[in-house]
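The values are calculated or read from the model by the stated rules, or taken from the named source; none is laboratory data. Here the structure is a predicted model, which means the values were calculated and not measured. Reconstructed Cβ throughout: ideal geometry from the backbone, glycine too, with neighbour counts over all protein chains shown.
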Amino acid sequence: MGKNIQAIRGMKDILPKEAEFWHYLESTLFDVAKSYGYSEIRFPILESTELFSRAIGEVTDIVEKEMYTFLDRNGDSLTLRPEGTASCVRAGIEHGLLFNQIQRFFYFGPMFRHERPQKGRYRQFHQFGVEAFGLSGPDIDAEVLAMSAQFWQRLGIADKVSLEINTLGDAKTRDKYRELLRDYFRANLAQLDQDSLHRLEFNPLRILDSKNPALAALIKGAPKIIDCLDGEPKAHFLELCDILDNLKIKYQVNPCLVRGLDYYCLTVFEWVTSELGAQGAVCAGGHYDGLVAELGGKSTPAIGFAMGIERLAELAQSKATALTKPKIYLALLGKNATKFGFALAENLRSDLPNFCFITNCGGGALSAQLKRADKSEAVLAIIIGDSELAKNQATVKYMRKGVSDTQVNFAELVTYLKNFGANYA
Ligand code: HAM
């Protein structure tokens, strides 16, 4: 016998129970995003490698270490998307959706990063993201933050997440800040680890993002970007804080929040939780006003965020309950009843789209069929055998409550089930 083939490390199956919960999460996220005027956009899972190296930055963990990149049969370098922003911008430019326009998009789907798998960190994971184009903020910053707060409310997890914000200023602010940081870290060179030495040359801001506890004190003492802010970027940040205060959205300014992707400017933020161990970021994003031009479009301001659905599912699991359609099992005894029952089930499915009807397949005695009904978690069984056919009535059996069986004329089944559904909680 051949050896079992297993899923690839860091890539997990989503089994039916979990998938049902994911549907609930997805539809809640989609509903909220639509209520803010955002529309869905879908883009391919594979893109040319250059898209991500140009958008995310050559000296980032994602591009240096984590991308699934390969040559296809034509010898083109392709990459499984590690995130959605670059693809969204590429699609927006390609279809002429961005220049001189205001666009609000959302997307959902799998992303791929070759990271070390652990709880909350996978190699195939899913993101729900939003991207808004053509608005420079800070009002749009407040909108996307208010929308994310709305998600947590709807999913019942508002008490489990908190918001951290920072600003990366404009290019001038960052040039000034980079020099300050270089001077500071060069004066403390002996304390830096290999990764940080590498980052010192190319992108010293990324040292602030280091997870090495040995560097924590050094990073805490580093100059703060907020102290380099002036003019427009400063006014932008202060106004955002003012709008958030007015909306009563609580936040903390975290001067070390720089994000791991290079395209950001101005406002950056993360919604974090302490309930998921080391992987505390549930949702993260910020402004990326230079990216559209970097990818060949006309300069367009943009902001967005993405959340990890695996992390969200873990957080929301205990709080939210998925709304499922009541299940009805049709137990069909004998050839005639099976033929009749299959036709009846088709009509019931058309007339009652808010129910789920499972028809018994594979025959079996009534007791065996009721066992299957029980296993399927049906709330009612509709039993049809020769005697039911003769009387033109179904036997309705309550599977979950101590109510005795009842006979319902076939013609009255739809009304009966509608009434049942109205009282079903
Ligand atoms: P990111 O911070 O790389 O940002 O990812 C956003 C979220 O995706 C994280 O906060 C986390 O919840 C989830 N995530 C990331 N990596 C993994 C993983 N390996 N396993 C499970 N979940 C993960 C971006 O991707 C940006 N594109 C966000 C954005 C949109 N910025 C502007 N617009």
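A few remarks follow.
- Scan of segment 230-289 for residues that are over 23 Å from N203 (Cα atoms), within 24 Å of the chain's Cα centre (by Cα) and assigned to a loop (DSSP other than H, G, I, E, B), ordered by number: I249, K250, Y251, T273, S274, E275, L276, G277, A278, Q279, G280
- Residues that are of a type in the set (A, V, I, L, M, F, W, C) and within 16 Å of the ligand (Cβ to nearest atom) within segment 248-265 comprise C256, L257, V258, L261, C265, listed in sequence order.
- In segment 60-81, the residues that are acidic (D, E), more than 10 Å from the ligand (Cβ to nearest atom) and either surrounded by 22 or more Cβ atoms within 10 Å (Cβ to Cβ) or assigned to a helix (DSSP H, G or I) (or both): E64
- For segment 38-52, the criterion of being part of a helix (DSSP H, G or I), of a type outside the set (S, T, Y) and within 13 Å of the ligand (Cβ to nearest atom) is met by at least one residue.
- Exactly one residue among G57, G84, G10 is in contact (Cβ under 8 Å) with a residue 12 or more places away in the chain, surrounded by 15 or more Cβ atoms within 10 Å (Cβ to Cβ) and not assigned by TED's automatic domain parsing to the domain that holds V282, and that residue is G10.
- Selected residue (only one of E94, E20 is free of Cβ contacts under 8 Å to residues at least 12 places away in the same chain, in the same structural domain as L295 (by TED's automatic domain parsing) and surrounded by 13 or more Cβ atoms within 10 Å (Cβ to Cβ)): E94
- Every condition in (1) over 18 Å from Y24 (Cα atoms); (2) basic (K, R); (3) surrounded by 18 or more Cβ atoms within 10 Å (Cβ to Cβ) is met by K298 except one, and the failing one is (3).
- All strands (runs of 3 or more DSSP E) inside segment 299-413 with 1 or more residues being in the same structural domain as V272 (by TED's automatic domain parsing) and under 30 Å from L163 (Cβ atoms): 302-308
- Taken together, V292, V282, V268 contain a single residue that is near the ligand (Cβ under 9 Å from one of its atoms), under 19 Å from R174 (Cβ atoms) and either surrounded by 23 or more Cβ atoms within 10 Å (Cβ to Cβ) or of a type in the set (S, T, Y) (or both), which is V268.
- N254 passes every criterion in (1) of a type outside the set (V, I, T); (2) out of contact with any His (no Cβ under 8 Å at 6 or more places or on another chain); (3) surrounded by 17 or more Cβ atoms within 10 Å (Cβ to Cβ) apart from (3).
- Of the listed requirements (1) within 12 Å of the ligand (Cβ to nearest atom); (2) modelled with pLDDT under 90, S210 misses just one: (1).
- Only a single criterion out of (1) under 30 Å from P204 (Cα atoms); (2) out of contact with any helix residue (DSSP H, G or I) (no Cβ under 8 Å at 6 or more places or on another chain); (3) modelled with pLDDT of 95 or more is not satisfied by L78, namely (2).
- Matching entry among K172, K176, K211 (being surrounded by fewer than 21 Cβ atoms within 10 Å (Cβ to Cβ) and in a loop (DSSP other than H, G, I, E, B)): K211
- Per the conditions (1) touching a helix residue (DSSP H, G or I) at 6+ places or on another chain (Cβ under 9 Å); (2) at pLDDT 95 or above, the sole criterion not satisfied by A345 is (1).
- Test: residue in segment 134-153 that is outside the structural domain of L291 (by TED's automatic domain parsing) and not in a helix (DSSP H, G or I): no
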